[in-house]
Amino acid sequence: MTARYITHDGITDTLAGWSARLGLYPDAVGRRLRDGWDEEAAVSGQRPRGARSITVGGEALTVHEWSAKSGIAADCILARLRSGWPPEVAVSQPTREERGHATVVEDAELLAGAGETFGQAAKRIGYTKPGSLARALYRAGRGDLVRKLRRNGSAV
C-alpha cells in the first residue's frame, strides 16, 4: 500500500504527516477523509458543516480535537457524554489510570478519616469491588489505610 500525499499551502505531506502537523492522532486526517471531509478541510483543521462539536468555555471542538487537546481518549470522552457527563467534565477529568495511586491514596485517607466503611470508600473512589481498592492501596504501600477502613466497617 502506497502512502497518500496531500498538498496544501505549498506543503506536501502524507496523511500521517499532516496529522502530526495538526497535533492529532496519526490516522486523524485519513479518518477525516473517510468521514467525507474534503482534502482542504482535512488538513487545514477547519471542520466541515455537519461535524458534531462540543463547546466548553466558549471553545467548540470535535471529540477528536478535544481528545488531542486534553490527552483523554476520544472513546472515553464519547462514553462519558453518552453516560450524561457534562461536557466540561467529560473533556477535562483525568481517567483513573492518569490520576494514579497518589490520588487514590489521598481519597482513601479522606474517606477513612471521615469514618467511611471499606465498601463505601471503594465505591466513592470508583472501584466496583473493595478488593480492587485494597490491592491499589497495598501496591502504594498503604496497608494501614486498608486496616483503618476495615476497622471503620467493623465499629458500626
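Quick note: the coordinates plus some simple rules give every number you see, no bench work behind them. Not measured: the values here are computed from a predicted model. Using ideal geometry, Cβ is built from the backbone for each residue, glycine included, and neighbour counts are taken over all protein chains shown.
Length gained on full extension, Lys69 to Arg21, computed as 0.36 nm times the residue gap minus the Cα-Cα distance: 15.9 nm.
Expected output is a single nm value to one decimal: the length gained when fully extending between Thr2 and Glu106, i.e. 0.36 nm times separation in residues minus the C-alpha distance. What is it?
Values: separation 104, 0.36 × 104 = 37.44 nm, distance 5.11 nm.
Here the answer is 32.3 nm.
Look at the dipole of the chain built from charges on Cβ: of Ser70, Trp85, Thr55, the Cα furthest out on the positive end belongs to Trp85. Modelled label positions at Glu88 and Arg31, each set 7 Å beyond Cα in the direction of Cβ, lie 2.6 nm from each other.
Taking region 52-93 on its own, what percent of its Cα-Cα pair distances exceed 17 Å? Percentage above 17 Å: 12. Eigenvalues of the alpha-carbon gyration tensor of region 98-154, scaled by 5 and square-rooted, set the equivalent ellipsoid semi-axes at 15, 11, 10 angstrom, largest first.
Using R₀ = 22 Å, calculate the FRET efficiency as 1/(1 + (r/R₀)^6) where r is the Cβ-Cβ separation of Ser53 and Cys76; round to 0.05. Before the final figure, lay out the partial values.
Working: r = 18 Å, r/R0 = 0.81.
The computed FRET efficiency comes out at 0.80.
With the gyration tensor restricted to C-alpha atoms of the chain, the semi-axes of the equivalent ellipsoid amount to 45, 16, 11 Å, longest first. Could you work out how far helix 130-139 tilts from the main Cα principal axis of the chain, as a 0 to 90 degree angle to the nearest 10? That works out to roughly 80 degrees.
How much length is gained on full extension from Asp144 to Glu40, taking 0.36 nm per residue of separation minus their Cα-Cα distance? Can you show the working numbers first?
On the way: separation 104, 0.36 × 104 = 37.44 nm, distance 5.88 nm.
31.6 nm is the gain from fully extending Asp144 to Glu40.
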